[in-house]
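Undergrad: Structure below; questions to follow.
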Amino acid sequence: MAFRPKTTVCREGWYYMLIVALVIGGAMFKDVNLLLILGGMLLGPVLLNWRAVAIAMRGLIIERQLPLHAVAGEPLAVNLTATNGRRRLGSWAIVAEDQILPESGARRGRRPPPPPLRTSVLFPYIRAGETKKGGYRGRLARRGRYRFGPIRLSTRFPFGLFSRTTTIGKPETLIVLPRLGILTEKWTARPVQAFSGADQRRNRPGPEGNFYGVRQWRPGDGKRMIHWRSSARIGELAVRQFERPRSRDLAVLLDLRLPASAGAHEYETVETAVSFAATILSDVCRKGGGNVSLATADPEPNCVEGPASPAALQNIMERLALVDAGSTDNLQTLLIHALRRINADAEVVLVAAGPVDLGDRRRLAELWSDPSLRERMQRIRCIDASSDRLADFFRVE
């Protein structure tokens, strides 16, 4: 996609042409031939620059290469490729200007969007038929979706009197993922306490998991566990052993409700909550061996779930990159939707941008009236991102 090129007079060009006009006007008024010749000579660079900038922009093609992934606060590299499609004549001093506009998830809630970021890359000389590579580096401090482009090409070569500009390409989008932090040892030790009751229920006699060997019979072992062929071979009773897998299912519920009068500090708390949720889900997906779920407190709760894997983590991170804070109280809808969907033995962590009282029977009346949901709700671990106690579990790099 390309727009029609446009030639404009630069500020220096206006100054130059004013001087030319004064010289020619004075020569005609005073009838001085030498000044008239000088004025004609001064018109030469004007015509040359006007023609040169028009030729330099013909046949130019510019392409942008965005990275597959970007993380808030980390270095971002964008590559540009410029091609001169003409058979003759090179292009000098080509400037490619790109703009970056924050969209969904990067505007800090209901605040007006910030002005677009502008970058420029200089291609000193591109020969006819040649392709040159350039690029720019930077950091995007906020998660969310960003729109890049279109790219604006311009040149003022050789004298800087005229500027020729054209806009090439279509806008592209890039999702900037939340920044990850570091989990402390206190959080790492959490599953032992959280699953102690579930482990006792699962440690019942009987086949469970994958068969991996036999062992000597012990009092209390059931007859169904005896491996008769091995017992006959070794001359004593032997029983089969099975792996007892430990469930690592984790469900993270994200409640980013803020008051209508929220300020900069409250929105920073939202970013901390999102970063903490992203970090604990990333930690589980790297270890694998279970399922992960993410549900956000939207009017219609959106749940992303799947086996702990890089693919599931990518979907979760993209969802976290675009989630916004709001003033509507959707916590009860979120809890009902999530608790009815996830595994009963999964660990449930509720990350909120402010204090949450799950014992509030007025706010959560429907949950308290359902015995099954009420029992599961009492095992939810609540994390208040605005509290100083979050530092016991998590810190930002």
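Undergrad: What is the one condition in (1) touching an Asp or Glu at 6+ places or on another chain (Cβ under 7 Å); (2) aliphatic (A, V, I, L, M); (3) open to solvent by 50 Å² or more (accessible area, probe 1.4 Å) that LEU66 does not satisfy?
TA: (3)
Undergrad: Here's a follow-up. So which residues in the stretch 170-179 are open to solvent by 20 Å² or more (accessible area, probe 1.4 Å) and assigned to a strand (DSSP E or B)? Before you say what the answer is, go through the steps one by one.
TA: So the first thing to find is which residues in the stretch 170-179 are open to solvent by 20 Å² or more (accessible area, probe 1.4 Å), and the list is 170-173, 175, 179.
Scanning the stretch 170-179 gives GLU172, THR173, ILE175.
Undergrad: Go through the stretch 132-149 and give me each residue that's open to solvent by less than 70 Å² (accessible area, probe 1.4 Å), at pLDDT 90 or above and closer than 16 Å to LEU80 by Cβ.
TA: LYS132, GLY134, GLY135, TYR136, GLY138, PHE148
Undergrad: Given the conditions (1) of a type outside the set (Gly, Ala, Ser); (2) in contact with a strand residue (DSSP E or B) (Cβ under 8 Å, 6 or more places away or on another chain); (3) farther than 29 Å from SER154 by Cα, which single one is not true for LEU60?
TA: (3)
Undergrad: Hey, among the residues in the stretch 255-283 that are more than 21 Å from the chain's Cα centre (by Cα) and among the aliphatic types (A, V, I, L, M), which one's modelled with the highest pLDDT?
TA: This residue is LEU258.
Undergrad: Given the structure, is THR167 open to solvent by 50 Å² or more (accessible area, probe 1.4 Å), in contact (Cβ under 8 Å) with a residue 60 or more places away in the chain and hydroxyl-bearing (Ser, Thr, Tyr)? Write out each step before concluding.
TA: On the way: open to solvent by 50 Å² or more (accessible area, probe 1.4 Å): no; in contact (Cβ under 8 Å) with a residue 60 or more places away in the chain: yes; hydroxyl-bearing (Ser, Thr, Tyr): yes.
In short, no.
The values are calculated or read from the model by the stated rules, or taken from the named source; none is laboratory data. Nothing here was measured: the structure is a model prediction, and the numbers come from that model. Don't worry about glycine lacking a Cβ; one is built from the backbone with ideal geometry, like all the others, and counts go over all protein chains shown. Just the protein is used for accessible areas: all its heavy atoms, side chains included, with ligands, DNA and RNA removed. Shrake-Rupley method; radii C 1.70, N 1.55, O 1.52, S 1.80 Å.
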